[in-house]
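Notes follow the structure.
The values are calculated or read from the model by the stated rules, or taken from the named source; none is laboratory data. Only a predicted model underlies this, so the values are computations on that prediction, with no experimental measurement involved. Virtual Cβ from ideal backbone geometry, glycine too; neighbours counted across all protein chains shown. These accessible areas exclude ligands, DNA and RNA; they are computed on the full protein's heavy atoms, side chains included. Shrake-Rupley method; radii C 1.70, N 1.55, O 1.52, S 1.80 Å.
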Amino acid sequence: MTLSVSAPSGDAQGMTIVARTQGQLVRRRFFQHKAAMAGLTVLLAIVVLAFTSVGFGPFDGWWKYNWTQTGTVVNGGQPTLTLWPFSLGEHPFGQDNVGKDYFALVMRGAQQSLLVAFLVGIVATTVGTLVGSLSGYFRKWTEAVLMRWTDVMITIPVLLIAAIVGRMAGGSGIIVLGLALGLVIWPQLGRLVRGEVLSLREREFVEAARAIGTRPRRIIFKHILPNTLGIIIVSATLTIANAILLESALSFLGVGVQPPDISLGQLISFYQGAMLTRPWLFWWPGVFIIAIALSINFIGDGLRDAFDPRQNRVRA
Amino acid sequence: MIAFIARRLGISVFVLLAATIIIYVMTALSGDPLADLRQEQGPDREEKMRVRSERMNLDVPIPVRYLQWLGGLLSGDLGVNREGQSVAIILGNALSATLQLVVAATVMAMLIGITVGIISALRQYSGFDYTVTFMAFIAFSLPLFWLAVMLKQYIAIEFNTWLRDPVIDPPVIVVVSLISGLTWGALTVGTQKARLTSFAIGAAVAAVFLTFLSATRWFADPGLGTVVIGLLAFGTAVGVTALFAGLQYRGPLYAALAAAGVGTALSAVMPGLLVDPTWLELFGLLLLTVAVCVGLGYALGGLQRRQAVTASVLTGVVTAGLIFMDALLNAFSAYSRRMRGRPIATIGSNTPNFRGDFWQLTLDSATHLLLPTMALILISLATYTRYSRASMLEVMNQDYVRTARAKGLPERTVIVKHAFRNGMIPITTLIAFDFAGVIGGAVVTESVFGWKGMGNMFLEGLRTVDPAPVMAFFIVTGGAIVICNMLADILYAYLDPRIRLS
Amino acid sequence: MSEILNSHDGVVEDTHVAVRLEDVRPPSDEEILRVENLTVEFPTDDGIVHAVRGVSYTLHEREVLGIVGESGSGKSVSSMAVMGLLPRNARIHGKILYRGDDILKMSPRRQRDLRGKKIAMVFQDPMTALNPVYTVGDQLAEAVLAHELMPRKDALARAKEMLDLVGIPQAEARLRAYPHEFSGGMRQRAMIAMAVINNPDVIIADEPTTALDVTVQAQILEKLIEVKDAVNAAIVLITHDLGVIAGMAHKVLVMYAGKPVEVTDTDSIFYRPRMPYTAGLLGSMPALETTGHRLRPIKGAPPSLINLPPGCPFSPRCPLADEVCVTREPELMLTDGLEHRAACHHWEKMASVEDPTVFFRAESEIKG
Ligand SMILES: Nc1ncnc2c1ncn2[C@@H]1O[C@H](COP(=O)(O)OP(=O)(O)O)[C@@H](O)[C@H]1O
Ligand code: SF4
Ligand SMILES: [Mg+2]
């Protein structure tokens, strides 16, 4: 990794070779991780199902109902899905009390929950990475600001600040909500990145780059960040898994996604009272939240093992 | 140490202060506090809006309102909510229930999580390890509110119904016994035969035990009785000695057995003496127990005095706990009758206007705490399990563990003395982080179980854009987090002599 | 307190008089430890690691045996086998006889009684070998109490005695110090104190100076020899550096790829190596006999212990390798010296030249 010392052109070449072999190793380990592969499959299936079935934006879905249209309640709204022999029936997930098709509702909820979660993940990761690496590299005031800010944030329970932010942003649609939530939960990731950068900046290849007068921006983006990629990707994944749960909890408490938007947590909250008479209204969104969060957690685990196989290596 | 605490508190005050600004301003900006009145059509609408504006000082800019609130806080006044009720009074009612919930959940999660994590690490790649890992992932992915609703629905309601005729169905006995057998089998190392034996014993013991509970309808009128207390106490004595002192030398074992003996003898007379105790009296008794056990350990320990004191004190405390449990369980059937046969509560943090002796009141809180605590434990249980597992695995690979083995120390000492303390060092940094998460979880749990706790106060304040209750919630929880943080730091410094508190 | 504790080893050791092997009592005939055809394998995901492949040696009372080899040659694994400290998945075969009893056949309980009491160990890295959260006194006393029930006070008194013995000043105060308050050299002294505290018969020192400052290395080795004399112990001195062995060991076992490849007395190793690998090690040693040549590290790397090639494991790096070498693995056999064994088909070639390291010099060097 000390390739950058002599010739900048050769260095680029050297770096890519190192990066590729490293990347190949990581990829191989990831694709051999069974739980992660299962998680990836389930997650992709859910994403495809949610976005194609009831349509998204200008695109129409293939499912016959949408989430707004009411209808007559058939057979008490019981789900018609049977697994063996497999058949969807008219309303596979049942209907609510005004006859809305619950499959359409859950799919719409899944779409929006996924969107919020990914938005939160992207925002938190970007901000956390930027602030973390800047403060780790430059120390001085950037670091002081980040550290003080995290000190403050650590005394505030995430749910408290997220609830307040949700209350402020929830009415403005899911995009705003996702962005806003991302902006309050980045410090955890920022601290992580900072710690990693702190240890990297003392390493020889960074010192060498500094010694030959490489500009800080280049050092951060070319030398330091690529080496923190593993930890960033892993925490981004886990942040998304947590964001799914956070969003659903906020929506459950009534301070997250607001009607007319629909999210999985909001569905559970909305139909909580129907637990005794129509339990499926409670089950389906719950199952989807768990499936999504579990898949993402498994993917995160696979990525962690792939990037840092230390934990399962035999000691020599 | 004092200097450290003072300094930390000083810094924390500023941190909390900064946090209050953020929260106050954001809450005040989060909506229109007059929104509901604007919708109203009644003739006194204007008047109501005027009253509320005045009470909430809506005429002055938010920073000024904040300063007014801060001034009130510094003189010990938490202000009024928008209906004019004193926040201090609301808080007073809400505080103890919520703190009980949060502390109970944190302590239980730590105890269970760390134990399971350590066992899982010591049995890496066993069936037990894989199962625990998988369960942890499930727990990481379960929405708390969903679980809470499930517990309320299926555990509380079904359990109460079942209690009318507490006979355990044979299929349930079979399944639970199998699970018990599988757990023991998975925990056993060694040959296939050893595992099968463990499986058989684990399953058989569970089956006999459950059948006994079912046949005697134990759940209708539970209790332990002197015999069971005695068995458990002597079992604890042997187990604790084996773990903390080893059975090689007699001193510690005798001390622990003596503690168990004294406890068992007392268990026959204690219920008569503890008709309506207070917590303070019980605490005094606990101190007395510890003192007596220290004496026993000292007298009987011989050259292994230290280990003997540890073993006898732990045995004594566990036995005292058993006696307490017994008394509490004995009060159960009467309590159950008063609750008209539905003792496990699903709503609120206690039964309104409930009167009774110490045991009745304690049972009342316990039955209300049970389900929310179970739900809330989920938040941190998996975290503690995963962290302590990872930490133990790391530590077991360290050179000093190898050195400890090379001295000829028994594996027990290597783990309990050398690995455990080092393994717990990173866990301390988790405590404060986790505690904040549990407080957030408490808000959700309280909401599901309809507690009029602090979470309710906070949510109500937030919905109505009313900063005073929100701030009161934060002052208490933020303060608790700061204190928790400090305790964690002190624990850290205690565990790791390389760290100096200064 | 910290002022005193942090004083540098060099300062402490000002008055030290060098101790060498010839200054202490010679070995007796009594056999303490005999290792016979020891093999250790580790099943791993990538295949079976043949870490040790047939090691044999004997150790007499007060004798010092040096085991030398590149890192990865199985030195540590073979000594951990003697200590009974290999991980559970290790497959161990052969015999390890302590005073005639096979350690591998003993109950775990009896193994533990020997460990730390009769056979003690000093590890490579003193910075990590001591538990950071307990005092040095506690860790020393614990080693005594693990084998003998006695008042803690007495165990601590014994610990102090040992710290005195290994040359740690103000022993009384340092018993209450934590490892991080010690320098590296002092920690290794403390480890030596811990190893000898129960008067063991055998001390296994696994690269005891590798992690230390060059300035303290010699002091530690001499202390080891001195202390061994005080408690009448034999030593297995493991190192990857032949230089460490000179003047410190009675006999030497050279290991390569899990096998002993040369066994003889220390002088013969230095003056009459009969295995090219040993000669290569000699050639890569700094300042030996100062022939004026540059350091010549042996080219190439040791073979994978998972897929060992047929023939001599050293053949890919050996300047003397020929057809025979790549087809048939040489046995450890007697060579010209008395009790001088080497595993090489062509040891006679080595015997025929004045300076066997010549084979490892570059062409140009020989011509020039
Ligand atoms: N627990 C283990 N599992 C698999 N391989 C191991 C294990 N311990 C050691 N080895 C391998 O055994 C070989 C010999 O190691 P070692 O005895 O430590 O060498 P050294 O001579 O440097 O002390 C090395 O290749 C090492 O990777
Ligand atoms: S046997 Fe052949 S390859 Fe092996 S050391 Fe001797 S000469 Fe070299
Ligand atoms: Mg080694």
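Scanning the stretch C:180-238 for residues that are closer than 13 Å to residue C:120 by Cβ, within 16 Å of ligand 3 (Cβ to nearest atom) and surrounded by fewer than 23 Cβ atoms within 10 Å (Cβ to Cβ) turns up just one, C:206.
Return the residues of the stretch B:81-111 that are touching a strand residue (DSSP E or B) at 6+ places or on another chain (Cβ under 8 Å) and either on the phi > 0 side of the Ramachandran plot or assigned to a helix (DSSP H, G or I) (or both); say none if nothing qualifies.
So in the stretch B:81-111, the residues touching a strand residue (DSSP E or B) at 6+ places or on another chain (Cβ under 8 Å) come out as B:86-87.
Passing the criteria: only B:87.
Kindly indicate whether any position in the stretch A:179-187 is within 14 Å of chain B (Cβ to nearest Cβ), more than 21 Å from residue A:133 (Cβ to Cβ) and assigned to a helix (DSSP H, G or I). Looking for residues that are within 14 Å of chain B (Cβ to nearest Cβ), more than 21 Å from residue A:133 (Cβ to Cβ) and assigned to a helix (DSSP H, G or I), one finds at least one in the stretch A:179-187, hence yes. Looking across the stretch C:98-142, the residues that are more than 22 Å from the chain's Cα centre (by Cα), at the interface with chain B (Cβ under 7 Å from one of its Cβ atoms) and within 13 Å of residue B:403 (Cα to Cα) come down to C:131, C:132, C:142.
Considering only the stretch C:329-360, state which residues are among the hydroxyl-bearing types (Ser, Thr, Tyr) and over 13 Å from residue C:262 (Cα atoms). Once the filter is applied, which keeps residues that are among the hydroxyl-bearing types (Ser, Thr, Tyr) and over 13 Å from residue C:262 (Cα atoms), the stretch C:329-360 yields C:352, C:357. Of all the criteria given as (1) at pLDDT below 85; (2) out of contact with any Leu (no Cβ under 6 Å at 6 or more places or on another chain); (3) away from ligand 1 (no atom under 16 Å from the Cβ); (4) not hydrophobic (A, V, I, L, M, F, W, C), the one not satisfied by residue C:307 is (3). No other residue among B:113, B:72 is outside the structural domain of residue B:184 (by TED's automatic domain parsing), open to solvent by less than 30 Å² (accessible area, probe 1.4 Å) and more than 30 Å from residue B:188 (Cα to Cα) apart from B:72.
Here's the yes/no breakdown for (1) assigned to a helix (DSSP H, G or I); (2) within 16 Å of ligand 3 (Cβ to nearest atom):
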{"position": "C:88", "(1), (2)": "no, no"}
{"position": "C:93", "(1), (2)": "no, no"}
{"position": "C:96", "(1), (2)": "no, no"}
{"position": "C:111", "(1), (2)": "yes, no"}
{"position": "C:117", "(1), (2)": "no, no"}
{"position": "C:121", "(1), (2)": "no, yes"}
{"position": "C:139", "(1), (2)": "yes, no"}
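Here the stretch A:215-269 is the region considered, the condition is being in contact with a Ser or Thr (Cβ under 9 Å, 6 or more places away or on another chain), polar (S, T, N, Q) and within 12 Å of chain B (Cβ to nearest Cβ), and the residue that is most open to solvent (accessible area, probe 1.4 Å) is A:258.
Against the numbered list (1) facing another protein chain (nearest Cβ under 9 Å); (2) more than 16 Å from ligand 3 (Cβ to nearest atom); (3) touching a residue at least 12 places away in the same chain (Cβ under 8 Å), residue C:83 comes up short only at (2).
Filtered by the rule that a residue be part of a helix (DSSP H, G or I), more than 10 Å from chain A (Cβ to nearest Cβ) and open to solvent by 30 Å² or more (accessible area, probe 1.4 Å), the stretch B:453-502 gives B:456, B:460, B:475, B:476, B:483, B:487, B:489, B:490, B:491, B:492, B:494. Step by step: first the residues of the stretch C:40-78, then only those that are more than 13 Å from chain A (Cβ to nearest Cβ), within 16 Å of ligand 2 (Cβ to nearest atom) and open to solvent by less than 10 Å² (accessible area, probe 1.4 Å), then the one that is farthest from residue C:303 (Cα to Cα). Which residue is that? Ranking the qualifying residues of the stretch C:40-78, first place goes to C:68.
Given C:105, C:95, C:153, C:75, which one is out of contact with any helix residue (DSSP H, G or I) (no Cβ under 8 Å at 6 or more places or on another chain) and touching a residue at least 60 places away in the same chain (Cβ under 8 Å)? Steps first, please.
Details: C:105 fails: touching a residue at least 60 places away in the same chain (Cβ under 8 Å); C:95 fails: out of contact with any helix residue (DSSP H, G or I) (no Cβ under 8 Å at 6 or more places or on another chain); C:153 fails: touching a residue at least 60 places away in the same chain (Cβ under 8 Å).
Every option except C:75 fails the conditions.
Under the condition of being open to solvent by less than 10 Å² (accessible area, probe 1.4 Å) and in a helix (DSSP H, G or I), which residue from the stretch A:151-164 is nearest to residue A:120 (Cα to Cα)? Looking at the filtered set, the residue picked out is A:162. Restricted to the stretch C:318-331, and to residues there that are more than 24 Å from residue C:41 (Cα to Cα) and not in a loop (DSSP other than H, G, I, E, B), the residue that is farthest from ligand 2 (Cβ to nearest atom) is C:323. If you go through the stretch B:396-406 one residue at a time, do you hit one that is among the basic types (Lys, Arg) and touching a Phe, Trp or Tyr at 6+ places or on another chain (Cβ under 8 Å)? So far as the stretch B:396-406 goes, yes, one or more of its residues are among the basic types (Lys, Arg) and touching a Phe, Trp or Tyr at 6+ places or on another chain (Cβ under 8 Å). If you check C:49, C:77, C:82, which single one turns out to be near ligand 1 (Cβ under 7 Å from one of its atoms) and outside any strand (DSSP E or B)? The match here is C:77. Selection of the stretch B:130-149 for residues being open to solvent by less than 40 Å² (accessible area, probe 1.4 Å) and either part of a helix (DSSP H, G or I) or more than 7 Å from every other protein chain (Cβ to nearest Cβ) (or both) yields B:132, B:133, B:136, B:137, B:139, B:141, B:144, B:145, B:146, B:147, B:148, B:149.
Being in contact with a strand residue (DSSP E or B) (Cβ under 9 Å, 6 or more places away or on another chain), more than 13 Å from chain B (Cβ to nearest Cβ) and within 16 Å of ligand 2 (Cβ to nearest atom): is that true of residue C:259 here? Judged against the criteria, residue C:259 is a match.
If you go through the stretch C:176-222 and keep only what is assigned to a loop (DSSP other than H, G, I, E, B), of a type in the set (Ser, Thr, Tyr) and either within 16 Å of ligand 1 (Cβ to nearest atom) or touching a residue at least 60 places away in the same chain (Cβ under 8 Å) (or both), you end up with C:183, C:209, C:210.
Note on the stretch A:297-316: residues that are at the interface with chain B (Cβ under 8 Å from one of its Cβ atoms) and either surrounded by 20 or more Cβ atoms within 10 Å (Cβ to Cβ) or modelled with pLDDT of 80 or more (or both) amount to 3. When the stretch A:270-296 is limited to residues that are of a type outside the set (A, V, I, L, M) and open to solvent by less than 10 Å² (accessible area, probe 1.4 Å), the one that is modelled with the highest pLDDT turns out to be A:295. Just for the stretch B:299-326: of the residues that are within 14 Å of another protein chain (Cβ to nearest Cβ) and in contact with a Ser or Thr (Cβ under 9 Å, 6 or more places away or on another chain), which one is modelled with the highest pLDDT? Among them, the one singled out is B:308.
For the stretch B:152-237, give me every one of the helices (runs of 4 or more DSSP H) that falls completely inside it and has 3 or more residues that are open to solvent by less than 30 Å² (accessible area, probe 1.4 Å).
By residue number, B:170-187, B:192-215.
The single condition among (1) in a helix (DSSP H, G or I); (2) more than 14 Å from chain C (Cβ to nearest Cβ); (3) open to solvent by 40 Å² or more (accessible area, probe 1.4 Å) that residue B:421 does not meet is (2). Quick check on the stretch B:24-35. Is at least one of its residues of a type in the set (Gly, Ala, Ser), exposed (fewer than 15 other Cβ atoms within 10 Å of the Cβ) and at pLDDT below 85? Yes - at least one qualifying residue is present in the stretch B:24-35.
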